[in-house]
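The values are calculated or read from the model by the stated rules, or taken from the named source; none is laboratory data. Source: prediction; values computed, not measured. Note: ideal-geometry Cβ built from the backbone for every residue, glycine included; neighbour counts use all protein chains shown.
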Amino acid sequence: MAPLWTPSPDRIVRANLTRFMAFARQRYRVQAAEYAALYDWSVHKPLEFWDAMWDFGGIAGSKGARIAIDMDHMPGATFFPDAKLNFAENVLAGAGRHETEPAILHRTETTLVRSMSWRELRAEAAAFAAALKAAGIKPGDRVAAYLPNVPEAIVAVLGAAAMGAVWSSCSPDFGVQGVLDRFGQIEPRVFIAADDYTYGGKTFDQRQKVSEILAQLPTVQHTIVGRDGWERFVGPHRGASPSYVQLPFNHPLYILYSSGTTGVPKCIVHGAGGTLLQHAKEHELHCDIQSGDRVFYFTTLGWMMWNWLVTVLAWGGTILLYDGSPFHPDPHTLFTFADETEMTLFGTSARFIDAVSKAGVRPRESHSLASVRTMTSTGSPLAPESFDFVYEHIKHDLHLASISGGTDIVSCFVGGNPIGAVWRGEIQCRALGMKVEVWDERGHAVRQQQGELVCTMPFPSMPVGFWNDPDGRKYHAAYFEGFPGVWTHGDWVELTEHDGVIIYGRSDAVLNPGGVRIGTAEIYRQVEQMPDILESLVIGQKWERDERIVLFVKLREGLALDDARTDAIRTHIRRNTTPRHVPARIVQVTDIPRTKSGKIVELAVREVVHGRAVKNREALANPEALEQFRNRSELQR
């Protein structure tokens, strides 16, 4: 089988990764002519690798003499213990971009693209930082934002980081309790919100929700609501000179949140240095982002990909913000945005690619996409058929990088290799500096066999800790109980013959009929090929001292799940997998419950099916969908 794509010789020569290989060869005499050798060096000589990454990335600050200490402890290792830096100073440097060039291009469903220049961004961030300081905010205080994906959010996060405040955000589709479950734990002193937001052609007034939230956040001393509130807070400080507080490498930058579908969300604290250094590696080496590139990710402020996008500015990239539905007014919207802005990296999700395919959209025929060099996909495993769709119907000459990591590390364990081949259905590589292995139940490393994704070596973007977890018990329980001293990420994966990675789903959602472990993605892959099925969700149901597979399907409008369609689904799954993959029950629903970031919630559905309570429905974008799974007669026999 041939790869779907290989980079041209010219592309390889121009790649940042190629330059980094030369840099490592000159500094450390690393003999790495290909990715595999570079990866081996990065995990066997991690101090050399992260030292090189600091300098290659041009990190501004004092590095200090020590690269890391206690590297044999996880958790417990500390990177750059003597370093001082400021995240915002690095990001706003913009890799030398001229002041009049665009730093941000922003579009909504109803407005054309508007631009914020580097001069405007730097000036407004300086004003916001000065306003925080005048308000008595100190390093370590929390600034909480409840905002759509607008330039003011970028200004505020950088202004907060400039003076050492800690940023945390939710998107406006969160309900009151969902916001309180998050911000209520971290006790913010500043709260920023919008009056309203627009999605799918509808405008949603936020003022009542904001009032209810503020009534239950007693620590908030300063509120910035709507355009008028922004002007009152920031306006008096316009013209302030930029000022950046130099802080330790692990000074808290962000508080992100676990999905919260099995309880109150965990508050995950990420340090400024680890976030910056890890993103330098991912943006420059794995995504080949270069100064002047225009980088887009379809995201909200409730997903870590927004935080990932912010750091693109540090390497001189222009960030592209889209606020609204990706399908309004039609499924071509984001591809039109790509042409309007000369987008170079198109970041999206596996769900979006599948939805575009099923909507019959063929962007290669309707749009130029001449500027797009890279497409990244995350959020869930990208099916092999979606790889085919991208290359057949979006663009032939395109680096398609399926990537995976998460909120837990504000970055990726596995991702793209811009100088390597793309193989159908595979994530290209393990990320540099991340000693990723696949372990079986006994803790033995395996290849070309499914198992747990683990990381056996510390890395800079490990969480500083969890908020309100002084003894580290919650942090330890989240990642280190399965295999002591080893990060267990919770993904069920396989290392391929190409040294790529296939993700089969979350390991806590793995199906186990008759004692045979089956990743949910194996079934989703087959179901997604069937044109009548728009979405699906699969769980294991405890039944007669065993487990049986139950598949829920959302069909195209007007279709019913009759015997013929049920038989067709079972036949297709059996023909392309094994008899053990065939669902014992197939049930029609009208909606599939998802988190705010679009991930299906198999565990929540499993709880409902088994008659147990879902502890935090506020984490869901559509919690009402759960009621369709309760007391189904089809599952009582």
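Data table
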{"read-out": "Hits in region 128-148 (condition: small (Gly, Ala, Ser) and either under 26 Å from Val179 (Cβ atoms) or surrounded by fewer than 22 Cβ atoms within 10 Å (Cβ to Cβ) (or both))", "value": "Ala129, Ala131, Ala134, Ala135, Gly136, Gly140, Ala144, Ala145"}
{"read-out": "Single residue of region 248-279 satisfying the filter (small (Gly, Ala, Ser) and out of contact with any helix residue (DSSP H, G or I) (no Cβ under 6 Å at 6 or more places or on another chain)) that is surrounded by the fewest Cβ atoms within 10 Å (Cβ to Cβ)", "value": "Gly263"}
{"read-out": "Any hit, region 591-598, residues being touching a residue at least 24 places away in the same chain (Cβ under 8 Å), in a strand (DSSP E or B) and outside the structural domain of Ser377 (by TED's automatic domain parsing)", "value": "yes"}
{"read-out": "Considering residues of region 24-36 that are of a type outside the set (A, V, I, L, M) and not in a helix (DSSP H, G or I) only, the residue nearest to Asp499 (Cα to Cα)", "value": "Glu34"}
{"read-out": "Search result, residues across region 37-96 that are of a type outside the set (A, V, I, L, M, F, W, C), in contact with a helix residue (DSSP H, G or I) (Cβ under 6 Å, 6 or more places away or on another chain) and assigned to a helix (DSSP H, G or I)", "value": "Ser42, Glu48, Asn90, Gly94"}
{"read-out": "Checking Leu620 against (1) closer than 24 Å to Gln450 by Cβ; (2) modelled with pLDDT under 90, the condition it does not meet", "value": "(1)"}
{"read-out": "Test for Ala52: is it closer than 28 Å to Gln428 by Cα, surrounded by 15 or more Cβ atoms within 10 Å (Cβ to Cβ), at pLDDT below 95 and not assigned by TED's automatic domain parsing to the domain that holds Pro252", "value": "no"}
{"read-out": "Enumeration of residues in region 1-19 that are modelled with pLDDT of 95 or more and touching a Lys or Arg at 6+ places or on another chain (Cβ under 9 Å)", "value": "Pro3, Leu4, Arg11"}
{"read-out": "Residue in region 128-150 that is among the hydroxyl-bearing types (Ser, Thr, Tyr), free of Cβ contacts under 8 Å to residues at least 40 places away in the same chain and assigned to a strand (DSSP E or B) present", "value": "no"}
{"read-out": "One residue from His444, His476 being closer than 26 Å to Val166 by Cα, surrounded by fewer than 21 Cβ atoms within 10 Å (Cβ to Cβ) and either not assigned by TED's automatic domain parsing to the domain that holds Pro265 or not small (Gly, Ala, Ser) (or both)", "value": "His476"}
{"read-out": "Residue match in region 413-427 (condition: small (Gly, Ala, Ser) and either more than 23 Å from Phe352 (Cβ to Cβ) or at pLDDT below 95 (or both))", "value": "yes"}
{"read-out": "Count of region 171-202 residues which are of a type in the set (Gly, Ala, Ser) and either over 25 Å from the mean Cα position of the chain (by Cα) or not assigned by TED's automatic domain parsing to the domain that holds Pro326 (or both)", "value": "1"}
{"read-out": "Options Thr100, Thr111: the member that is out of contact with any strand residue (DSSP E or B) (no Cβ under 6 Å at 6 or more places or on another chain) and surrounded by fewer than 21 Cβ atoms within 10 Å (Cβ to Cβ)", "value": "Thr111"}
{"read-out": "Exclusive hit being under 28 Å from Gly406 (Cα atoms), modelled with pLDDT under 95 and of a type in the set (A, V, I, L, M, F, W, C), set Val614, Val538", "value": "Val614"}
{"read-out": "Any hit, region 151-161, residues being farther than 26 Å from Thr111 by Cβ, assigned by TED's automatic domain parsing to the domain that holds Trp306 and surrounded by fewer than 24 Cβ atoms within 10 Å (Cβ to Cβ)", "value": "no"}
{"read-out": "Matching entry among Pro484, Pro470 (being within 20 Å of Gly271 (Cβ to Cβ), surrounded by fewer than 18 Cβ atoms within 10 Å (Cβ to Cβ) and modelled with pLDDT under 95)", "value": "Pro470"}
{"read-out": "Thr344, sole failed condition from (1) touching a Lys or Arg at 6+ places or on another chain (Cβ under 7 Å); (2) under 30 Å from Leu626 (Cβ atoms); (3) hydroxyl-bearing (Ser, Thr, Tyr)", "value": "(2)"}
{"read-out": "Number of positions in region 511-525 that are of a type outside the set (Asp, Glu) and crowded, with 21+ Cβ neighbours inside 10 Å", "value": "8"}
{"read-out": "Out of Asp288, Asp293, Asp205, sole residue that is assigned by TED's automatic domain parsing to the domain that holds Pro188, more than 27 Å from the chain's Cα centre (by Cα) and not hydroxyl-bearing (Ser, Thr, Tyr)", "value": "Asp205"}
{"read-out": "Any hit, region 335-349, residues being aliphatic (A, V, I, L, M) and closer than 29 Å to Ile533 by Cβ", "value": "yes"}
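For every residue, the table says whether it meets (1) modelled with pLDDT of 90 or more; (2) in a strand (DSSP E or B).
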| site | (1), (2) |
| --- | --- |
| Asp508 | no, no |
| Gly514 | no, no |
| Tyr524 | yes, no |
| Pro531 | yes, no |
| Leu534 | yes, yes |
| Ile549 | yes, yes |
| Lys554 | yes, yes |
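A quick yes/no check of all residues on (1) in a strand (DSSP E or B); (2) in contact (Cβ under 8 Å) with a residue 24 or more places away in the chain; (3) basic (Lys, Arg):
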residue	(1), (2), (3)
Gly558	no, no, no
Arg570	no, no, yes
Arg580	no, yes, yes
Leu603	no, yes, no
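Here is a yes/no grid of residues against (1) more than 28 Å from Asp173 (Cβ to Cβ); (2) surrounded by fewer than 20 Cβ atoms within 10 Å (Cβ to Cβ); (3) not charged (D, E, K, R):
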residue: Arg570; (1), (2), (3): yes, yes, no
residue: Val605; (1), (2), (3): no, no, yes
residue: Leu620; (1), (2), (3): no, no, yes
residue: Glu627; (1), (2), (3): no, yes, no
